[in-house]
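Quick notes on the structure that follows.
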Amino acid sequence: MGPRHDSTRERAAGMMGAVGGARGIAWLLGLSLPGAVVLVTLASPTAAQSPVETPAACTVRGTVSVDEARVEVQGSAPLRLALREVRAEVVLEPGRPPRIAVLGPLRFEALPRTPLPWRFTRGADLAGGVLHVSPATRIARVEAGPDGVRADVELSPALIARAVAVPCGLLALGAVDAPTQREAVETGHLVPRRRTLALRPRPTEAPSVELELRQGARLGLQPVGRDGGFSRVWRTFENGSGLSGWVDDRDVVEARRPMPASPVAAAPVRRARCEPVEFDRPTLPEGTTVHVRPDGPVWATVAADAAFVLAPRPRGWSAILHAEGIAPAPLQRCPRPFATAFIRTASEPESSSR
């Protein structure tokens, strides 16, 4: 089940794809193409008939990895799990935290306690054409609000575009490499006076993007034109994203000398050293209930014919020691076995205790 799209959104997606190549060239040259930018807001199907518009939920299906997720279990303490490349849906609804519906090898719902990995499905122009993103552009945070889905977009290690409106269909699950490009400033570049800077599509329009620089960072923007008290600027980044818009001259200052970029330190790579252990992995029938303890409450069911590492327990129960991609949190270099996943393996009827 994916996000719902009305006919307007489908036409918008087609238009964005058709003009993508020409837009990229014209965008860097500071030109405009009519009809090249279409912004779509998420609204309920009945919004046109209702005086109060209610954004629809945004549902994105894909592969999820998260360091910690919380599973609420009725009649028992919550479970803390780590997920690694499991099939899932993430539901974004206004006023509610993101919700993960894991689809396999176990089925259950969880609330992420650490950031989810997000990416863009394709290149697109956002915020009235001021911000260009690519599939390699990193998304730092996503949330749904009264006016639709908004994302914090990481353009470089020191620069984030805050709360950018994003169509639901442009979001996908999955991590991309963090940007490594450092900000060098050349003579003649325009440099923000403060850590925040607003960009607008035209001098007469309100700002559509707010940039935020990390403490001590710098950003050089290439000026390509002026109109009254505003300057048109552009900048590209190594991850394929870029900026092209107008800034208030009172918010920037011209660089009188070049400022070189600081070197990028490579992050150490930590590799797990887990001793290989061979286990039998029996296949469990779909719908098998998983309990927090023998005769205890149910917190998950088995997806279609999934295989697990089991250990027999007394009284007709077996413990699930390992499920692919799911482990107790906090995640360690070698995943720990489950202590709260039991299935009934004897022929006795299951207890009614939940």
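FYI, it's all coordinate maths here, none of it is from the lab. Note that the structure is predicted; figures quoted are calculated from it, not measured. Note: ideal-geometry Cβ built from the backbone for every residue, glycine included; neighbour counts use all protein chains shown.
Odds and ends about this structure:
- Here the Karplus relation 6.51 cos²θ - 1.76 cosθ + 1.60, evaluated at θ = phi - 60°, turns the backbone of segment 114-126 into coupling constants of 10, x, 7, x, 10, 8, 9, 6, 7, x, 7, 9, 10 Hz, with x for every Gly and Pro.
- Amide H contacts of Leu310 (H built 1.01 Å from N, in plane; Pro and chain starts excluded): Leu321 sit under 5 Å, all sequence-distant by 5 or more or on other chains.
- Net charge of neighbours whose Cβ lies under 10 Å from the Cβ of Ala198, counting Lys and Arg as +1 and Asp and Glu as -1: -2
- Note on segment 131-167 and segment 101-116: Cα centroid distance 22 Å, given to the nearest whole angstrom.
- Taking the alpha carbon gyration tensor of segment 120-254, multiplying each eigenvalue by 5 and rooting it gives semi-axes of 24, 17, 12 Å, largest first.
- Rounded to the nearest Hz, the phi-derived 3J(HN,Hα) couplings of segment 307-316 under the Karplus curve 6.51 cos²θ - 1.76 cosθ + 1.60 (θ = phi - 60°) are 9, 9, 8, 10, 9, x, 10, x, 6, x, where x marks glycine and proline.
- Checking every one of the GluC sites (Glu not before Pro) in segment 106-206 against DSSP loop status and a limit of 14 other Cβ atoms within 10 Å picks out Glu186, Glu205.
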